[in-house]
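Here the structure comes first, spelled out in structure tokens, and everything after it is commentary.
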């Protein structure tokens with residue numbers, strides 16, 4: 001935990017208004033005013049003992065933006081829930097206010113004025129209430145003349161000393177300092193000036209403030225801010241989509257060497273519980289933020305949260321990975337074909353290991369005790385942090401991970417491994433795509449990873465009512481020694497007339513340890529009922545897809561990417577030419593179609609949509625199952641549409657992907673114009 005001291009974070013929440021922070025071109029424009037700067041004191045520098053572990057708490061931005069529901073009642077309600085639901089005991093302590101808490105103008109003395117409709121008793125009264133719960137409170141402003149909201153609330157540029165003093169007198173413990181309307185003043189100068197102001201305010205009030213730098217990673221703060229702020233944003237804003245979360249995770253992972261006690265990489269707030277991802281994806285989000293030693297700032301309105309959301313956010317074994325006092329950020333050991341292994345050294349000598357599956361189907365993800373940095377040992381204890389169960393392993397660390405899922409483990413050479421049952425990996429291949437009324441094959445494997453044998457092994461497959469799930473080979477084994485497998489062939493048939501969509505299957509194995517202890521392993525599977533594509537040429541903008549992920553907003557049919565709700569795009573336009581049909585996406589993007597080995601060709605005119613003016617760089621790819629069969633290289637907005645064609649003969653799945661061109665996702669609106677699948 002951070003302890004009783006106050007932490008001033010430089011960017012915990014979203015960075016702008018609902019339509020402002022997605023692409024650089026959409027951020028609020030500066031007003032041209034010159035900003036008066038306070039000279040920075042080079043003698044004032046961190047570390048100062050604050051933020052010894054990544055800050056944990058809440059920020060309202062992701063769930064409310066500037067809507068009226070963001071008010072005093074919400075802040076107090078969140079504080080109450082922290083206590084009532086055990087989140088305080090789990091380590092969450094900051095209740096942070098984001099943009100829109102103030103009036104648009106300062107008072108006659110140049111002081112900030114809380115909005116009397118939102119905060120009728122003022123900020124200090126709210127801070128006192130939060131403190132009475134044994135919690136801390138944070139606030140937001142920008143290192144510019146105005147904040148990021150389009151309404152333009154007062155920023156702190158030129159008012160650093162006054163604002164910092166006001167925050168400290170109110171009882172503020174944490175400052176998120178954004179980057180909008182910065183008048184072109186050097187970032188390091190602006191953020192250092194506020195650091196010095198917070199230090200001065202602390203000396204006069206006795207209230208230190210954790211300082212969060214939120215300049216979106218534009219000036220590589222990880223290279224210079226360790227003695228300026230306690231954490232710094234490494235990316236642009238997150239959104240509540242799989243593509244956004246994945247992109248941000250990939251930007252933050254390479255920065256591990258820059259993180260540590262008192263200076264943390266911040267990949268933005270948590271979206272867990274906001275509804276845009278599945279619970280499996282939210283568990284991945286929470287697991288990866290924890291192994292990256294990222295701040296854990298809840299971005300959902302806990303007054304409306306589901307039990308599943310509280311279960312994810314309150315998992316103390318996962319939180320312990322994030323809050324480990326050694327302060328290491330996990331490092332990537334491998335990431336081949338979307339199968340990621342990330343390992344983190346823990347203070348007690350164990351290793352936290354994330355087995356993450358980026359792909360859309362279940363995958364086996366593996367490493368070894370040696371590879372994650374553990375010493376040679378006769379056996380190892382392996383703790384599954386989501387299932388809350390312990391096993392032994394002979395050294396192999398492996399799991400079949402559901403699509404978009406993460407298995408988070410803690411592995412130790414602790415000498416107590418023999419007390420645990422052997423770990424087994426339960427895997428499956430096939431039956432991901434099913435045509436109703438047609439039999440599809442599935443093969444399951446139970447592999448003993450343990451140092452000890454697994455006895456009385458049995459495997460079962462269950463699914464929706466009416467589905468025929470029949471084994472064709474044995475489902476039991478008397479005993480499996482280390483490394484041995486039980487392989488079972490199954491036939492899977494969805495009833496004729498089954499509606500297209502996804503259906504849950506569950507593969508389960510039960511077994512006994514040498515001591516007779518019963519153990520089990522469960523693998524959730526997803527079967528997607530699909531319809532074979534029609535013969536002839538079909539416009540992909542009109543065909544149902546199997547899956548679609550997008551960097552911002554939904555994939556759009558026959559319009560450009562509008563970034564918010566479905567249907568908010570514009571006509572597809574590349575190089576001045578408008579197209580009636582196609583797909584509008586935002587990098588990174590992936591759209592999968594079922595071809596059923598009945599199609600031969602994909603064609604499209606591709607490019608950056610004209611709506612991004614001179615911005616945006618992307619690259620297009622077409623995949624036939626696991627093989628890339630066509631690509632464009634990097635395209636810019638200045639280029640006309642490029643013709644792209646690919647032979648997809650024999651493929652069961654055709655995938656259209658767009659990458660960011662290697663320079664981030666700013667303005668990467670991409671069009672698959674007149675995309676056609678020939679079958």
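Any residue that is assigned to a loop (DSSP other than H, G, I, E, B) and farther than 19 Å from residue 284 by Cα - is there at least one of those in segment 397-412?
Checked against the condition, which is being assigned to a loop (DSSP other than H, G, I, E, B) and farther than 19 Å from residue 284 by Cα, segment 397-412 yields no hits at all.
Of everything in segment 208-259, what is in contact with a helix residue (DSSP H, G or I) (Cβ under 6 Å, 6 or more places away or on another chain), assigned to a helix (DSSP H, G or I) and over 24 Å from residue 46 (Cα atoms)? Give them in sequence order.
242, 245, 249
Filter segment 616-650 down to residues that are in contact (Cβ under 8 Å) with a residue 40 or more places away in the chain and closer than 25 Å to residue 434 by Cβ and give me whichever is surrounded by the fewest Cβ atoms within 10 Å (Cβ to Cβ).
Restricting to residues being in contact (Cβ under 8 Å) with a residue 40 or more places away in the chain and closer than 25 Å to residue 434 by Cβ, the top hit is 626.
Which residue pairs have Cβ atoms under 6 Å apart, sit 6 or more places apart or on different chains, and have a first residue in segment 305-316 that is under 18 Å from residue 77 (Cα atoms) and a second that is part of a helix (DSSP H, G or I)?
314/90
When you go through 482, 447, 517, 510 one by one, which is the residue that is closer than 26 Å to residue 412 by Cα, out of contact with any strand residue (DSSP E or B) (no Cβ under 9 Å at 6 or more places or on another chain) and touching a residue at least 24 places away in the same chain (Cβ under 8 Å)?
Only one candidate qualifies: 517.
Could you figure out which of (1) in contact (Cβ under 8 Å) with a residue 60 or more places away in the chain; (2) buried (at least 24 other Cβ atoms within 10 Å of the Cβ); (3) in contact with a strand residue (DSSP E or B) (Cβ under 8 Å, 6 or more places away or on another chain) isn't true of residue 236?
(3)
When you scan segment 453-461, do you find a residue that is closer than 26 Å to residue 502 by Cβ and surrounded by fewer than 17 Cβ atoms within 10 Å (Cβ to Cβ), even just one?
Yes, segment 453-461 has at least one match.
Please state which one of 362, 354, 305, 320 is surrounded by 19 or more Cβ atoms within 10 Å (Cβ to Cβ) and under 25 Å from residue 377 (Cα atoms).
Matching residue, one of 362, 354, 305, 320: 354.
Looking at 261, 208, which is the one that is within 19 Å of residue 296 (Cα to Cα), surrounded by fewer than 24 Cβ atoms within 10 Å (Cβ to Cβ) and modelled with pLDDT of 95 or more?
Answer to the check: 261.
Of all residues in segment 557-615, count the ones that are within 23 Å of the chain's Cα centre (by Cα) and touching a residue at least 40 places away in the same chain (Cβ under 8 Å).
Qualifying residue count for the region: 12.
Quick one: how many residues across segment 312-371 are part of a loop (DSSP other than H, G, I, E, B) and more than 15 Å from residue 406 (Cα to Cα)?
Residues in segment 312-371 being part of a loop (DSSP other than H, G, I, E, B) and more than 15 Å from residue 406 (Cα to Cα): 16 in total.
Count, please, the residues in segment 513-539 that happen to be over 30 Å from residue 673 (Cα atoms), buried (at least 18 other Cβ atoms within 10 Å of the Cβ) and more than 29 Å from the chain's Cα centre (by Cα).
2
Does residue 377 qualify as being farther than 22 Å from residue 505 by Cα, out of contact with any strand residue (DSSP E or B) (no Cβ under 8 Å at 6 or more places or on another chain) and not assigned by TED's automatic domain parsing to the domain that holds residue 287?
Spelling it out, residue 377 is indeed farther than 22 Å from residue 505 by Cα, out of contact with any strand residue (DSSP E or B) (no Cβ under 8 Å at 6 or more places or on another chain) and not assigned by TED's automatic domain parsing to the domain that holds residue 287.
Would you confirm whether any residue within segment 181-190 is in the same structural domain as residue 53 (by TED's automatic domain parsing) and under 24 Å from residue 57 (Cα atoms)?
Scanning segment 181-190 turns up no residue that is in the same structural domain as residue 53 (by TED's automatic domain parsing) and under 24 Å from residue 57 (Cα atoms).
Which one is farthest from residue 359 (Cα to Cα), of the residues in segment 562-587 that are assigned to a loop (DSSP other than H, G, I, E, B) and modelled with pLDDT of 90 or more?
Here the residue is 576.
Looking only at segment 162-190, filter to residues that are out of contact with any strand residue (DSSP E or B) (no Cβ under 9 Å at 6 or more places or on another chain) and under 14 Å from residue 228 (Cβ atoms); which one of those is surrounded by the fewest Cβ atoms within 10 Å (Cβ to Cβ)?
The extreme case among them is 186.
Give me a count of the residues in segment 638-663 that are under 18 Å from residue 618 (Cα atoms) and assigned to a strand (DSSP E or B).
Of the residues in segment 638-663, 9 are under 18 Å from residue 618 (Cα atoms) and assigned to a strand (DSSP E or B).
Within segment 522-558, work out how many residues are on the phi > 0 side of the Ramachandran plot and in contact with a helix residue (DSSP H, G or I) (Cβ under 6 Å, 6 or more places away or on another chain).
Total meeting the criteria: 0.
The values are calculated or read from the model by the stated rules, or taken from the named source; none is laboratory data. Fair warning: this is a prediction, and the values are worked out from it, not measured in the lab. Because the Cβ atoms are built from the backbone with ideal geometry, glycine has one as well, and the counts that use them run over all protein chains shown.
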